[in-house]
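Undergrad: Got a structure here, written out as structure tokens. Questions coming.
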Amino acid sequence: MPTNSGQTRSYLVEFQAIGNAVKVTALDPVTLVEVSIQGPVSASEDELSRLAVRKLEYVLLKRARSTDTRPGIKV
């Protein structure tokens, strides 16, 4: 995801095999926002990683556009 300075952000991606599926977790170390997806073990790590990062960037963008200023945790 591009930042204001034009640089791209780095994310942490973790793969965990669960039976015939893989759970992929992507974490933004700056905001500590974390998302996860599941995919087949036959899919490549690049493909699963790309999907998890796209989901993370979507969630980050959605949160940045949120106009809800109420206190508390937004779920």
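None of the figures in this text is laboratory data; all of them are computed from the coordinates on show. What you are looking at is a predicted structure, and each value in this text was computed from that prediction instead of being measured. Positions of Cβ are backbone-derived with ideal geometry, glycine not excepted, and every protein chain shown enters the neighbour counts.
Undergrad: If I fit a long axis through the Cα atoms of helix 45-65 and take the longest principal axis of the Cα atoms of the chain, what angle between them do I get, 0 to 90°, rounded to 10?
TA: 20
Undergrad: Over the chain, what is the relative contact order in whole percent, taking alpha-carbon pairs under 8 Å and six or more residues apart?
TA: Numbers: 82 pairs, mean separation 16.2, N = 75.
The normalised contact order for the chain reaches 22 percent.
Undergrad: If you don't mind, another one. Size of the dipole of the chain about the Cα centre, Lys and Arg at +1 and Asp and Glu at -1 on the beta carbon, nothing else charged, in debye to 20? Please report the intermediate quantities before stating the final value.
TA: Details: 10 positive and 8 negative charges, 84 e Å.
Roughly 400 debye, rounded to the nearest 20.
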